[in-house]
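The values are calculated or read from the model by the stated rules, or taken from the named source; none is laboratory data. Bear in mind the structure is a predicted one, so any value in this text is a computation, not a measurement. Cβ: placed from backbone, ideal geometry, glycine included. Neighbour counts: every protein chain shown.
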Amino acid sequence: MKAEILKMLREGESYVSGQQICDILGVSRTAVWKAVNQLKDEGYQVEAVRNRGYHILESPDVVTKEELVSMMDTKWAGQNVCYFDKIDSTNIRAKQMGEEGAPHGTLIAADYQGAGRGRRGRMWESPSGSSIYMSLLIRPDIPPLNAPMLTLVMALSAADGLKECTGLDVQIKWPNDIVANGKKLAGILTEMSTEIDYINYVVIGIGINVNMREMQKDIEETATSVRIETGQVTRRSEVIASIMKKFEENYEKFLETQDLQALQEQYNHLLINKNKEVRILGANKEFTGYALGINEKGELQVKKEDGTIKSIFSGEVSVRGMYGYV
Ligand code: BTN
């Protein structure tokens, strides 16, 4: 009920009368009054004016299931939400739920991860109270070979969502790091369960540094947060809902052609590596070239010194700028 009340208060132009809420939700006035008081205890500023009703003045940066449900404006992405104060890893939980048959679009979010995981077996530091840790479970009917492109669909959606909610000029470091002022703001880890020619499910996990005042010493040279860059506290639920909305739109475009044709231009526009010299670090060889952008398969097109163009597939290499991370 709290989620429904929050949604009504947010959608209402000005005051929403207690009676209106009772009628729509089919509950008593006392029940509404109690729920509003609980919201106030959680930090929402709700004004109650006699003969007019309730009005929401300010929402805090709380992430709860109710808050997420009330913010979500999608058809399927994030419509089934599970929220945990503490968890080992949202990707691990999403995979378990994938095995148990959870529906396409299920979102797992947490405030703290005890065993957050990054790409290439690294760990992902996941302190509480300031970041977004979430994993989206999807069940695409596409060949497993096309699945790596979904990571780029999420990178684009996260960049768009962050831009919209924070005003930050975010960019993408190929294939899927989100960057602000040359430092990493978010990372994406995609995992999947497949048969030889069939995808059971894909889990796209994303970690975003939102309200940290400072980064840990060992990563402060290359990582940043929204708060460090903007000086402002951002409501995490707003960012989550916005990314779900963008992902839903972009995913539907992706499905039409099962590649990035429709998203390529937008992605390349945000690509920090574009028109820059890059170092491509493979398992046992390294070369430098000039990054042109991605093709419709999401491969980075790199022009080598001899003029030939090489397509770089995301699984096989790391990309570095000539002088550091970007
Ligand atoms: C990277 O190395 O850049 C990817 C980091 C991905 C971290 C996110 S946080 C939510 C989800 N759960 C995890 O354990 N990892 C991902």
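Taking the range 149-172, which residues are over 15 Å from Asn268 (Cα atoms) and in a helix (DSSP H, G or I)?
Leu150, Gly161, Leu162, Lys163, Glu164, Cys165, Thr166 - these are the residues of the range 149-172 that are over 15 Å from Asn268 (Cα atoms) and in a helix (DSSP H, G or I).
State whether the residues of the range 130-137 include one that is farther than 25 Å from Lys173 by Cβ and without any contact (Cβ under 8 Å) to a residue 60 or more places away in the chain.
Checked the range 130-137: no residue is farther than 25 Å from Lys173 by Cβ and without any contact (Cβ under 8 Å) to a residue 60 or more places away in the chain.
Take the range 98-138 and flag every residue that is hydrophobic (A, V, I, L, M, F, W, C) and within 13 Å of the ligand (Cβ to nearest atom).
Leu107, Ile108, Ala109, Ala110, Ala115, Met123, Trp124, Ile132, Met134, Leu136, Leu137
Tell me which residues, restricted to the range 194-215, are within 16 Å of the ligand (Cβ to nearest atom) and in a strand (DSSP E or B).
Scanning the range 194-215 gives Tyr201, Val202, Val203, Ile204, Gly205, Ile206, Gly207, Ile208, Asn209.
Please report, ordered by residue number, the helices (runs of 4 or more DSSP H) entirely within the range 4-116 with at least 1 residues that are over 19 Å from the mean Cα position of the chain (by Cα).
Correct list: 18-25, 29-41, 90-99.
If you go through the range 142-155 one residue at a time, do you hit one that is more than 16 Å from the ligand (Cβ to nearest atom) and more than 24 Å from Ser311 (Cα to Cα)?
no
Could you tell me whether any residue of the range 310-325 is modelled with pLDDT of 95 or more and acidic (Asp, Glu)?
no
Looking at the range 158-170, is at least one residue of a type in the set (Gly, Ala, Ser), more than 26 Å from Glu256 (Cβ to Cβ) and either surrounded by fewer than 21 Cβ atoms within 10 Å (Cβ to Cβ) or over 15 Å from the mean Cα position of the chain (by Cα) (or both)?
Within the range 158-170, one or more residues are of a type in the set (Gly, Ala, Ser), more than 26 Å from Glu256 (Cβ to Cβ) and either surrounded by fewer than 21 Cβ atoms within 10 Å (Cβ to Cβ) or over 15 Å from the mean Cα position of the chain (by Cα) (or both).
Please determine, by comparing only the residues of the range 214-228 that are in contact with a Ser or Thr (Cβ under 8 Å, 6 or more places away or on another chain) and modelled with pLDDT of 95 or more, which one is surrounded by the fewest Cβ atoms within 10 Å (Cβ to Cβ).
Ranking the qualifying residues of the range 214-228, first place goes to Arg227.
One residue is enough: does the range 220-239 have a residue meeting the conditions in contact with a Pro (Cβ under 8 Å, 6 or more places away or on another chain) and within 22 Å of Asp73 (Cβ to Cβ)?
yes
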